[in-house]
Amino acid sequence: MDKLRALLAVGPGRSRRPQDLGATVGFVVGGALLIWSAAVHFHLWSETGGYRSIPTIGPLFLLQSIAGLVIGIGVVVVRRLWAAVIGLGFVLSTIAGFLLSVGVGLFGFKDSWLAPFAKEAFTIEILAAAVFIAAAVLCLVGSAPHARAGTTPAGNAT
């Protein structure tokens, strides 16, 4: 359990190594994409005749916009593997909810790819998922022990 906790705590910190800078960019871009998705959901919820009036779906749109804003800011501030995992989980659950709603309906509501901002929001969320995966991989690569040439992993000369 301690190894998992330590693994989830890895992140770029203030390092200037290329993979750490890449992870930082990933967290910032992923957070921005989450905030963008949250803004789209809030816009759709707040418009007259929008999703606000749909039972269950309306409150979920508002919850998605609030949670997306909080998580988006959080991943930028925290920049740790666990934050990327939370961001990825959130965006994947948003994608799954939309696909269920379009495919079979959700809570008595069936959405459409032709709905306002449907394709745009879906694209934003797919991009966010890819960016969070990249940030997570860069965190893991950055946390791997680095051996200098001519030394063993323990630091002893070969």
Report task. State whether one or more residues within the range 17-37 are part of a loop (DSSP other than H, G, I, E, B), surrounded by fewer than 18 Cβ atoms within 10 Å (Cβ to Cβ) and modelled with pLDDT under 90. Result -> yes
Query raised in the report: Here is a list of conditions, (1) within 18 Å of Phe27 (Cα to Cα); (2) at pLDDT 90 or above; (3) out of contact with any Leu (no Cβ under 7 Å at 6 or more places or on another chain), and Val141 meets all of them except one; can you say which number that is?
Result: (2)
Report task. Restricting attention to the range 55-108, report how many residues are surrounded by fewer than 16 Cβ atoms within 10 Å (Cβ to Cβ), in a helix (DSSP H, G or I) and not aliphatic (A, V, I, L, M). Result -> 4
Query raised in the report: Counting only residues that are without any contact (Cβ under 8 Å) to a residue 40 or more places away in the chain, surrounded by fewer than 17 Cβ atoms within 10 Å (Cβ to Cβ) and not small (Gly, Ala, Ser), which one in the range 109-122 is nearest to Gly74 (Cα to Cα)?
Result: Lys119
Report summary line: Pro153 vs (1) modelled with pLDDT under 95; (2) assigned to a helix (DSSP H, G or I): all pass except (2)
Query raised in the report: Before we move on, is Ala39 without any contact (Cβ under 8 Å) to a residue 12 or more places away in the chain and either of a type in the set (D, E, K, R) or out of contact with any Leu (no Cβ under 6 Å at 6 or more places or on another chain) (or both)?
Result: no
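The values are calculated or read from the model by the stated rules, or taken from the named source; none is laboratory data. In this text the structure is predicted, and so the values were computed from the model without any measurement. When we count neighbours, we look across all protein chains shown, and the Cβ atoms used for this are built from the backbone with ideal geometry, even at glycine.
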